[in-house]
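Structure first, commentary second.
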Amino acid sequence: MTSSVPAGLRERKKAKTRAAIRAAAMRLFEEQGWAATTVEQIAEAAEVSPSTFFRYFPTKEDVVLTDDYDPAMIAALHAQPAGLHPVDAVIAALGEVFGNLTPEAIDAEARRQRLFQSVPELRARALQQTAEVVTMLGEALARRAGLPPDDFSARVLAGSIVGAMLAVMPIGGSVEYSPADMQRAVDALTLLRKGLPLG
């Protein structure tokens, strides 16, 4: 039996619930600290059940670690012209996804970065996720080039791109997210595109 609720409405309701859970969690993390905040408290503040919380976020850490920009970034990358150099395609996709963030979105990312800086286990798990990002980007670059998803050269390029960005925006670093980070990322990728000339 199919649901009578239109798919678009279902997705909007899911997005609203997800956002409510994350907003409640961030508020509690800031008010009472990371360690003192429980999933049950987050669920109560978001007016959902703990089981609903776990449908959206497998763990408390995932409330902070889940990057909602990754799917948008991959979609924007696939939308770039086929003949565009892969690094240039990544730069263009970055501009589309991050170039026009609202003040609210910028503030939310700054708050997320503050948590990374203050909670060691979050930094550790974020670094573990870097390999997953490399795999995801490598598969996307391979697909653009008509290569198998596990193509070696595409994965190496993806690792180089991710590494270049981490070099200028280190996870848990002292600089919070700001629009200036976008320019640092573009500068790093431009240097990579030129072959990393030194001196």
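All of the numbers you see were taken from the coordinates with simple rules; none came from a lab. Source: prediction; values computed, not measured. Cβ sites come from the backbone with ideal geometry, for glycine too, and all protein chains shown count toward neighbours.
Taking the charge dipole of the chain about its Cα centre, with +1 at Lys and Arg Cβ atoms and -1 at Asp and Glu Cβ atoms, the residue from PHE98, GLY138, VAL186 reaching farthest to the positive side is GLY138.
Placing dummy labels 7 Å off each Cα toward the beta-carbon, the span from LYS194 to ALA35 is 4.7 nm.
Sequence-ordered 3J(HN,Hα) estimates for segment 126-141 from the Karplus curve with 6.51, -1.76 and 1.60 and θ = phi - 60° stand at 5, 5, 5, 6, 4, 4, 5, 5, 4, 4, 4, 5, x, 5, 5, 5 Hz, glycine and proline given as x. Working note: Debye formula, equal point scatterers on the alpha-carbon atoms of segment 70-126, no solvent; log10 I(q)/I(0) at q = 0.17, 0.21 Å⁻¹ is -0.70, -0.84. Which log10 I(q)/I(0) values does segment 41-147 give at q = 0.17, 0.23 Å⁻¹ under the Debye formula, counting every alpha carbon as one identical point scatterer? Normalising to I(0) and taking log10 leaves -0.97, -1.27. A straight Cα-to-Cα reach below 20 Å connects LYS60 with the aspartates and glutamates GLU30, GLU31, GLU40, GLU44, GLU47, ASP68, ASP70, GLU109, GLU121, GLU132, residues fewer than 8 places away in its own chain not being considered. Name the most mobile residue of GLN41, GLN32, GLN80, meaning the one with the largest mean-square fluctuation, in a Gaussian network model of the chain with Cα contacts below 10 Å. Residue with maximal mean-square fluctuation among GLN41, GLN32, GLN80: GLN32. Working note: Cα gyration tensor of segment 101-175, eigenvalues times five, square-rooted, sorted largest first, giving semi-axes of 28, 14, 10 Å.
In the chain, one over the average inverse separation of all distinct C-alpha pairs is 18.6 Å, which is the Kirkwood hydrodynamic radius. Mean residue ellipticity, 222 nm, helices only, the chain: the sum of -39500 (n - 2.57) across DSSP H runs of n ≥ 4, divided by residue count and rounded to 500, is -23000 deg cm²/dmol. Using the Cα centre as the reference, give the magnitude of the dipole from point charges on the C-beta atoms of the chain (Lys, Arg: +1; Asp, Glu: -1; all else neutral), rounded to the nearest 20 debye. Dipole magnitude for the chain comes out near 280 debye.
Between ALA180, ALA108, ALA45, the residue with the greatest mean-square fluctuation in the GNM of the chain (Cα pairs under 10 Å linked by springs) is ALA180. Over the chain, what is the mean sequence separation of C-alpha contacts under 8 Å (at least six apart), divided by residue count, expressed as relative contact order in percent? Computed value for the chain: 17 percent relative contact order. Within the listed set VAL168, VAL48, VAL64, the residue fluctuating most in the Gaussian network model of the chain (springs between alpha-carbon atoms under 10 angstrom) is VAL48.
Residue exposure proxy: SER118, SER51, ordered by other Cβ atoms within 10 angstrom of their Cβ from fewest to most, comes out as SER51, SER118.
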